[in-house]
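Undergrad: Please see the structure below; I have some questions.
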Amino acid sequence: MSGQIPVKPSAEGLAASAKAVAKERGLPPVHLWNPPFLGNIDIQILRDGTWIHEGGEIKRPELVRLFSSILRKDGDSYFLVTPVEKVGITVEDAPFVAVDVDCAGTGENQILTFTTNVGDTVTAGPDARIRLVQETAQGEPAPYVMVRAGLEARLDRKTFYRMVELGTHHVVNDQDWFGVWSDGEFFALILSQDLE
């Protein structure tokens, strides 16, 4: 035995550790940290972007933003990571929700910039791809944009509709697709012939 007493991870402890490493600008380098895994913590991110701790909603936006800054995805699992601890959390769908999209330019020069529920902004392009998944249960499309390091944002309904309004038809691999341009990249969403 090492003589160390195992410590149960807590949301308060994680918040204190995250604040200690918070930078004035930019995100903490969670990809560089390799702390010991301390188990799972009762934190869940719901499909609508709501963060739940021990059955109750985390209502302080600054705390949600702080936790989101130390979020990391390894494989199919999500973790909150500080230099001294790593704990598993549950994510129902995507960890973020895109709540707005801004457009600059037109056509192939169009730039789409998404804002998430935690205040991140990301410009869709080669490093921040847009994808569309057809959900069979609800029969509705599920659109996503990559935010950072494997962490996606699901587009909320109004943002998805605003993005679709900016769409156009384009030939990809000899097929007509409906999609959107951003940062020189065309994101094919649906075959043109399948549009209603």
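Undergrad: Starting from the Cα of Lys86, draw a straight line to each of the aspartates and glutamates and keep only those under 16 Å, dropping any in the same chain fewer than 8 residues away.
TA: Straight-distance partners of Lys86: Glu12, Asp42, Asp74, Asp76.
Undergrad: Quick one: grab the alpha carbon gyration tensor of the chain, order the square roots of its eigenvalues as a ≥ b ≥ c, and give me rounded if a/c is under 1.5, else prolate or oblate depending on whether a/b is larger than b/c. Can you show the working numbers first?
TA: Working: a/c = 2.43, a/b = 2.15, b/c = 1.13.
Judged from the Cα gyration tensor, the chain comes out prolate (a/c at least 1.5, a/b above b/c).
Undergrad: Carbon and sulfur: what percent of the stretch 57-137's accessible surface (1.4 Å probe)? Spell out each step's value before the answer.
TA: Working: 1770 of 3880 Å².
Ligands and nucleic acids excluded, carbon and sulfur reach 45 percent.
Undergrad: Using all alpha carbons of the stretch 87-155, what is the percent of pairwise distances in each 5 Å bin, ordered from the shortest bin to the longest?
TA: Histogram of Cα-Cα distances, whole percents per bin: 4, 16, 25, 24, 17, 11, 3, 1, 1.
Undergrad: Here is a further query. Could you work out the helix-only [θ] at 222 nm for the chain, with each DSSP H run of four or more residues adding -39,500 (n - 2.57) and the total divided by the number of residues, to the nearest 500 deg cm²/dmol?
TA: -4500 deg cm²/dmol
Undergrad: If you don't mind, another one. Checking the a/c ratio against 1.5 first, then a/b against b/c, what shape does the Cα gyration tensor give for the stretch 117-187?
TA: On the way: a/c = 1.68, a/b = 1.18, b/c = 1.42.
Oblate shape, in that a/c is at least 1.5 and b/c is the bigger or equal ratio.
Undergrad: Less than 16 Å apart at the alpha-carbon level, and either on another chain or at least 8 residues along: which aspartates and glutamates does that give for Lys158?
TA: Excluding near neighbours in sequence, the set is Asp48, Asp100, Asp102, Glu140.
Undergrad: Give the accessible surface of the chain per residue, rounded to a whole number of Å², with probe radius 1.4 Å and ligands, DNA and RNA excluded.
TA: Working: 11210 Å² over 196 residues.
For the chain, the solvent-accessible area averages 57 Å² per residue.
Undergrad: For the chain, what's the relative contact order in percent, using C-alpha pairs closer than 8 Å and at least 6 residues apart?
TA: Numbers: 359 pairs, mean separation 31.5, N = 196.
So the answer I get is 16 percent.
Undergrad: Lys73: which aspartates and glutamates have alpha carbons under 13 Å from its alpha carbon, excluding same-chain residues fewer than 8 sequence positions away?
TA: In chain and number order, the partners are Asp93, Glu152.
Undergrad: Can you pull out the trypsin sites (Lys or Arg not before Pro) in the stretch 117-196 whose DSSP state is coil and whose Cβ has at most 15 other Cβ atoms within 10 Å? The partial results should precede the final answer.
TA: On the way: sites: Arg129, Arg131, Arg148, Arg154, Arg157, Lys158, Arg162; in loops: Arg129.
Sparse-neighbourhood loop trypsin sites (Lys or Arg not before Pro): Arg129.
Undergrad: Asp176 to Gln134: FRET efficiency via 1/(1 + (r/R0)^6), r the Cβ-Cβ distance, R0 25 Å, to the nearest 0.05? Working shown, then result.
TA: Numbers: r = 18 Å, r/R0 = 0.72.
Here the calculated transfer efficiency is 0.85.
Undergrad: Using 0.36 nm times the number of residues separating Thr50 and Thr123, minus their current alpha carbon distance, what extension gain do you get? Please report the intermediate quantities before stating the final value.
TA: Details: separation 73, 0.36 × 73 = 26.28 nm, distance 2.32 nm.
Here the answer is 24.0 nm.
Undergrad: Taking the Cα atoms only, what angle lies between the long axis of helix 11-21 and the longest principal axis of the chain, rounded to 10 degrees?
TA: The two axes meet at around 80 degrees.
The values are calculated or read from the model by the stated rules, or taken from the named source; none is laboratory data. All of these numbers come straight from a predicted model, not from anything done at the bench. Positions of Cβ are backbone-derived with ideal geometry, glycine not excepted, and every protein chain shown enters the neighbour counts. Ligands, DNA and RNA are excluded from the accessible area calculation, which covers all protein heavy atoms including side chains. Shrake-Rupley method; radii C 1.70, N 1.55, O 1.52, S 1.80 Å.
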